[in-house]
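The values are calculated or read from the model by the stated rules, or taken from the named source; none is laboratory data. Only a predicted model underlies this, so the values are computations on that prediction, with no experimental measurement involved. Reconstructed Cβ throughout: ideal geometry from the backbone, glycine too, with neighbour counts over all protein chains shown. For the accessible areas, the whole protein counts, side chains as well, though only heavy atoms, and no ligand, DNA or RNA atoms are used. Shrake-Rupley method; radii C 1.70, N 1.55, O 1.52, S 1.80 Å.
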Amino acid sequence: MFSVSGKTYGSDLSEITYFTCLKTLSESLGKMPIYLMSEDKKRITNHETTPFLSVSPNDIYTPVQFFTYLEFCRNHYGNAYAYVARKNSRITGIYPLDPTCVQIYIDNTDIFTNRRYYYHFTDTKSGKSYWIDPNDVLHVKTWVTDRSGLAGKSVREILATNMAGSKSSQQFLNELYQKGLTANAVIKYTGDLSREQQKVMLKQLRKQATDGRMITLPLGYDIQTLDLKLTDSQFYELKKYNALQIAAAFGIQPNFLNDYSKSSYANSAAQNLSFYVNTLLYNLSLYEQEFNRKLLTTQEQRKGLGFKFNVWTILRGDPTSQADVLQKMVSTAIYSVNEARSKLDLEPCENGDVHVVNGSYVKLQDVGLAYGKGG
């Protein structure tokens, strides 16, 4: 037996770019409801998982809080775990686990194609530890894993050097603000002081600089500040470039960092679509496939049942674009009237489940027949 687990580091949440990326990804996934769909794309509401994924996974979390926390753990720690409690093969609750308290143990005595693994969870409050079967753990990880492929690695672990530089730049700027944007200074004096006297003088000057903005100097002493311009050192450009690198590692676009230099309100819908296709689609597939694997029986999987997130909540766009899309969907018989109304959270109307299409449409081979003889 040997264990694998992702490394953990100190909190990096104080770094604003890192925190913004976590917030964007976690809240984007948390606000999308997840449904169990049949093979013919109909929503199933009488499954045993419905109350846990739509109402409350357990006595503490709501679905939004549950999925937001899982996505936060997946990005911050590299792994997100949730224990599926069952009694007599029936689900009684789904409980998220602290990733720092979970280890994965692999039985290396088995052959490679049948190597079993187990989850070991330590409850820090009670001090008890538990062995959990993999079928009872929802485990969603990042795309970068360790050599075993079982434990994911977080972005902060991969970008440790970059994150350290970003935090150092923020710390430098904070200290500069505290000093009134004044850099170091040089004390000039005429005469000779011993090393001990120099230390006493510097100690008194540091104390005055810490206590207030005024510094008194003895007769014959002069102070000259070292001019520091952030523009000359390109501090802002380097800090911005560093922030964009961190965001790119998460798949976050600049407009989510309030950088609108290459974006505008007019293309906000296109940006949301790009964010969904390039970033969220992969993340959502991780959850959907893990839920299909652990929360559905083999018979239900063979029937084509599967979990799907409702991505319409992030693709709605502005009211004008939304109305235009729904109109085109209904007029081309892709949506029925009630399906379009459901996208707007409106009640279905009577006889609204029928798909309609323009009756003047004809097949290509039949174009012009109406103008022929006897037409």
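The table below gives the values:
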{"item": "Verdict on residue 118 being open to solvent by less than 50 Å² (accessible area, probe 1.4 Å) and free of Cβ contacts under 8 Å to residues at least 60 places away in the same chain", "result": "no"}
{"item": "One residue from 370, 270 being farther than 22 Å from residue 32 by Cβ, modelled with pLDDT under 80 and not hydroxyl-bearing (Ser, Thr, Tyr)", "result": "370"}
{"item": "Residues of segment 315-361 that turn out to be among the polar types (S, T, N, Q), at pLDDT below 85, out of contact with any Leu (no Cβ under 9 Å at 6 or more places or on another chain) and surrounded by 11 or more Cβ atoms within 10 Å (Cβ to Cβ), as a count", "result": "2"}
{"item": "Residues of segment 26-55 classified as open to solvent by less than 40 Å² (accessible area, probe 1.4 Å) and among the hydroxyl-bearing types (Ser, Thr, Tyr), total", "result": "5"}
{"item": "Among (1) in contact with a Lys or Arg (Cβ under 8 Å, 6 or more places away or on another chain); (2) open to solvent by 50 Å² or more (accessible area, probe 1.4 Å); (3) at pLDDT below 75, the one test that residue 180 misses", "result": "(2)"}
{"item": "Among the residues listed as 332, 298, the single one being under 24 Å from residue 81 (Cβ atoms) and β-branched (Val, Ile, Thr)", "result": "298"}
{"item": "Members of segment 110-124 that are among the charged types (D, E, K, R) and modelled with pLDDT of 90 or more", "result": "123"}
{"item": "Some residue of segment 283-294 being open to solvent by 70 Å² or more (accessible area, probe 1.4 Å), at pLDDT 85 or above and closer than 30 Å to residue 138 by Cα", "result": "yes"}
{"item": "Odd one out for residue 99, checked against (1) surrounded by 14 or more Cβ atoms within 10 Å (Cβ to Cβ); (2) out of contact with any helix residue (DSSP H, G or I) (no Cβ under 6 Å at 6 or more places or on another chain)", "result": "(2)"}
{"item": "Those residues of segment 125-149 which are at pLDDT 90 or above, within 15 Å of residue 77 (Cβ to Cβ) and of a type in the set (Ser, Thr, Tyr), in sequence order", "result": "142"}
